[in-house]
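Inspection log for the structure reproduced underneath, given as structure tokens.
Values quoted throughout were computed directly from the atomic coordinates according to the rules given, and no laboratory measurement underlies them. Model, not experiment: these values are computed from the prediction. With ideal geometry, Cβ positions are generated from the backbone for all residues, glycine too; neighbour counts draw on all protein chains shown.
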Amino acid sequence: MELEKRGVVAPLVVTSTFLPLVQAQAKARRVDPRVIVVPHPIGGLNEAELAEKIAFAAAALLALADEARGTS
């Protein structure tokens, strides 16, 4: 969050369960972070389930990178 506060694009990848904590910390630090939210849990998934979540997060990350570069 400190990087975002300084103008550096630094998306956070969090699971849905931890989103309220991220939002509370962001509010306390007066930042509006870029957040990629994946469904909880991550642990205990089989290879295919984990690959699905990784693909979702990677696509969201690439979209944010394009947006930051002004190429979206």
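Restricting to segment 40-52, what's the tally of residues that are out of contact with any strand residue (DSSP E or B) (no Cβ under 8 Å at 6 or more places or on another chain), surrounded by 10 or more Cβ atoms within 10 Å (Cβ to Cβ) and assigned to a loop (DSSP other than H, G, I, E, B)? Break it down into steps so the answer makes sense when it comes.
If we filter segment 40-52 for residues that are out of contact with any strand residue (DSSP E or B) (no Cβ under 8 Å at 6 or more places or on another chain), which is where we start, we get 43-52.
Applying the additional criterion that residues be surrounded by 10 or more Cβ atoms within 10 Å (Cβ to Cβ) yields 45, 49-52.
Subset that is assigned to a loop (DSSP other than H, G, I, E, B): 45.
The qualifying residues number 1.
Of the residues A59, A55, A65, the single one that is surrounded by 13 or more Cβ atoms within 10 Å (Cβ to Cβ), part of a helix (DSSP H, G or I), on the phi < 0 side of the Ramachandran plot and of a type outside the set (S, T, Y) is A65. Quick one: would you say V37 is among the hydrophobic types (A, V, I, L, M, F, W, C) and in a loop (DSSP other than H, G, I, E, B)? No; evaluated as a whole, the condition is false for this residue. Only residues that are outside any loop (DSSP other than H, G, I, E, B) and either touching a strand residue (DSSP E or B) at 6+ places or on another chain (Cβ under 7 Å) or of a type in the set (S, T, N, Q) (or both) were counted across segment 19-34, and they come to 4.
Scanning segment 16-72 for residues that are of a type in the set (K, R) and either under 24 Å from K5 (Cβ atoms) or touching a Gly at 6+ places or on another chain (Cβ under 6 Å) (or both) returns K27, R29, R30, R34, R69. Just one of the numbered conditions (1) under 12 Å from the mean Cα position of the chain (by Cα); (2) in contact (Cβ under 8 Å) with a residue 24 or more places away in the chain is not true of A63; which one? Only one criterion is unmet by A63, namely (2). How about segment 20-30: which of its residues are of a type outside the set (S, T, N, Q) and either touching a residue at least 60 places away in the same chain (Cβ under 8 Å) or exposed (fewer than 15 other Cβ atoms within 10 Å of the Cβ) (or both)? Residues satisfying the conditions are P20, L21, A24, K27, A28, R29, R30.
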